[in-house]
Amino acid sequence: MKRFLLAIGLFVALPLSAEAAEWKLVWSDEFNYEGLPNKEKWDYEEGFVRNQEMQYYTRARKENARVEKGVLVIEGRKERWKNPRYKPGSSNWQQQREFAEYTAAALITRNKASWRYGRIEVRARLPHGRGIWPAIWTLGANRSKIRWPGCGEIDIMEFVGKDPNRVHGNAHFAVDGKHRSDHGKLSTEKPYADFHIYAIEWFEDRIDFFFDDTKFHTFTIDKAGKGGDNPFRKPHYLLINLAIGGSWGGPIDDSVFPQKYLIDYVRIYESK
């Protein structure tokens, strides 16, 4: 799966799909170490975060996120976890549960690295089972100032266990203050059975979505507005997470746990 090129005195592994002359590697994590994910590259989301999901995202906990045997392991577990934000009688879904019944992890590059345009490529083996919802995606780096969906979101890969023979790519944005999306999907038998490359190639006018070497969707960026205010003409940061249940994950089959989401590498390229 890998070939090796000599670059700056070091051997750098490049996948066949990104060896074309137009790309230059600018950021990567090859996960060739052991322990917690590299804190110079990754931060975490923490708690109950979005979409009414059932998992509690933990911070720097090896049971949920660790590097071993050359891969990043994000593990979804069926276990009870105290919710420190619990408030009896609260109407806020993030505060209503005293305990979570599931844990997982969400790794992010926010405030550490962000990119505008280029190729974002992740080689991963997906977890599976009813209620499982892994994703590889981006959000606008200005999200704290311009709330979602105005900041823009690129879903490089989404997979839901209730639909086990399909992968999805999507762009979320706002037009006149209203949420819009542009969705693509690819039917493929048991994508969770092996490692695959999930990637986008992001240009000023479009974003192409790939499963291995198959381009299955193109989003025309002008759909989100013309000019520099378009959120897809601004930097984004990367997220890799394993959600459980929630608005799209749906009902959960407890018999499938624990589930491991394996990431072989993350590579970011810029155009030469």
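Readers should treat all values here as calculations from the given coordinates under stated rules, not as data from a laboratory. What you see is a predicted model; the values in this text were computed from it and never measured. Positions of Cβ are backbone-derived with ideal geometry, glycine not excepted, and every protein chain shown enters the neighbour counts.
Please list, or write none, the aspartates and glutamates whose alpha carbon is within less than 12 Å of the alpha carbon of K41, excluding same-chain residues fewer than 8 places away.
Those aspartates and glutamates meeting the cut-off are D29, E30.
Nearest 0.05, what FRET efficiency do V175 and L36 give at R0 = 51 Å with Cβ-Cβ as r? List each step's numbers first, then the result.
Working: r = 40 Å, r/R0 = 0.79.
Calculated value: 0.80.
Do you know the relative contact order of region 24-271, to the nearest whole percent, from alpha carbon pairs under 8 angstrom that are 6+ apart?
Details: 663 pairs, mean separation 71.1, N = 248.
RCO, region 24-271: 29 percent.
For region 24-271, what is the charge dipole size about the Cα centre, in debye to the nearest 20, if Lys and Arg each add +1 at the Cβ and Asp and Glu each add -1 at the Cβ? Display every interim value, and only then the final one.
Numbers: 40 positive and 35 negative charges, 151 e Å.
Dipole magnitude for region 24-271 comes out near 720 debye.
Any idea how far apart E63 and S144 come out in nm if each label point goes 7 Å out from Cα toward Cβ?
3.1 nm
Say the dipole of the chain comes from +1 at the beta carbon of Lys and Arg and -1 at that of Asp and Glu; which of G47, Y192, A104 then lies farthest toward its positive end?
Ranked along the dipole, the leading option is G47.
At a Cα cut-off below 21 Å, give the lysines reachable from K145, other chains included and same-chain residues fewer than 8 away excluded.
The reachable lysines, counting only those whose Cα sits under 21 Å from K145, are K112, K178, K226, K234.
Excluding residues fewer than 8 places away in the same chain, name every one of the lysines whose C-alpha is closer than 25 Å to that of K87.
Straight-distance partners of K87: K78.
Could you tally the net charge around R97, taking each other residue with its Cβ under 13 Å from the Cβ of R97, Lys/Arg +1 and Asp/Glu -1?
+1
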